[in-house]
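The values are calculated or read from the model by the stated rules, or taken from the named source; none is laboratory data. Note that the coordinates shown come from a computational prediction; the quantities given were computed from them, not determined experimentally. Ideal geometry is used to build each Cβ from the backbone, glycine not excepted, and the neighbour counts take in all protein chains shown. Side chains are part of the model used for accessible areas, which takes the heavy atoms of the whole protein and leaves out ligands, DNA and RNA. Shrake-Rupley method; radii C 1.70, N 1.55, O 1.52, S 1.80 Å.
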Amino acid sequence: FYAPAGVGANTYIHFIYKALKEWIQDGGFLGFVVPRSFVDSDDAEPIRAMLQQGTDFVLREIMNLEELDRDVFPGAKLVPIILIIEKTALKEGEEVALGYAGEPCVERNADGEVIRFILDNATRWSVPYSKVWSRDGRILVANNAQRALVLDKLTRNPDWSSITHEYWDKMAGAK
């Protein structure tokens with residue numbers, strides 16, 4: 001049970017792993033509310049690696065609840081996200097749905113207390129499956145079309161110096 005992430009890993013990692021390996025059936029979906037640290041923590045690396053390969057499991061959606069963290073889990077010190085994973089093989093050209101839930105997703109009563117969350121009101125976009133992963137296997141939850149272009153450009157340059165030279169050369173030519 002503890003082998004993939006180790007005994008010291010956060011408990012939610014073990015639940016996700018067990019659900020993926022033992023509970024979810026082919027073609028089934030798994031949804032978990034987890035800390036946003038899942039996208040870049042060392043503990044979650046074995047699960048992210050399984051998702052990145054796309055051979056048995058596909059990351060379908062991540063909903064970032066950063067702006068609503070105090071409303072979702074009052075008193076908690078973690079920022080939550082919602083993960084949706086399907087047990088299937090990745091197909092060519094598939095995308096990951098990313099979302100950001102802000103204040104328009106909250107219905108409040110007259111006293112300002114949360115009545116319900118309406119995630120249909122969240123800002124959503126999709127990115128190609130390969131573009132949601134950093135080079136070291138972390139998930140880029142804030143990636144969108146514009147940021148993907150910037151990241152592509154940055155990864156084509158071998159170092160910071162070449163990036164700045166390209167920028168300044170363009171600026172000098174524009175004047």
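In the set (1) in contact with a Leu (Cβ under 9 Å, 6 or more places away or on another chain); (2) farther than 26 Å from R116 by Cα; (3) in contact (Cβ under 8 Å) with a residue 24 or more places away in the chain, the condition left unmet by G99 is number (2). Note on the stretch 100-127: residues that are closer than 14 Å to V72 by Cβ and of a type outside the set (D, E) total 13. Taking the criterion of being under 21 Å from S126 (Cβ atoms) and in a strand (DSSP E or B), the residues of the stretch 35-66 that qualify are F57, V58, L59, R60, E61, I62, M63, N64.
One residue alone among A76, A89 is surrounded by fewer than 16 Cβ atoms within 10 Å (Cβ to Cβ), of a type in the set (A, V, I, L, M, F, W, C) and in contact (Cβ under 8 Å) with a residue 24 or more places away in the chain, and that residue is A89. Within the stretch 106-140, the set of residues being part of a helix (DSSP H, G or I) and among the hydroxyl-bearing types (S, T, Y) comprises Y129, S130. Scanning the stretch 51-66 for any residue that is of a type in the set (S, T, Y) and open to solvent by 40 Å² or more (accessible area, probe 1.4 Å) turns up at least one such residue.
Can you name the number of the only condition in (1) out of contact with any Leu (no Cβ under 9 Å at 6 or more places or on another chain); (2) modelled with pLDDT of 90 or more that T155 fails? Status for T155: all satisfied but (2).
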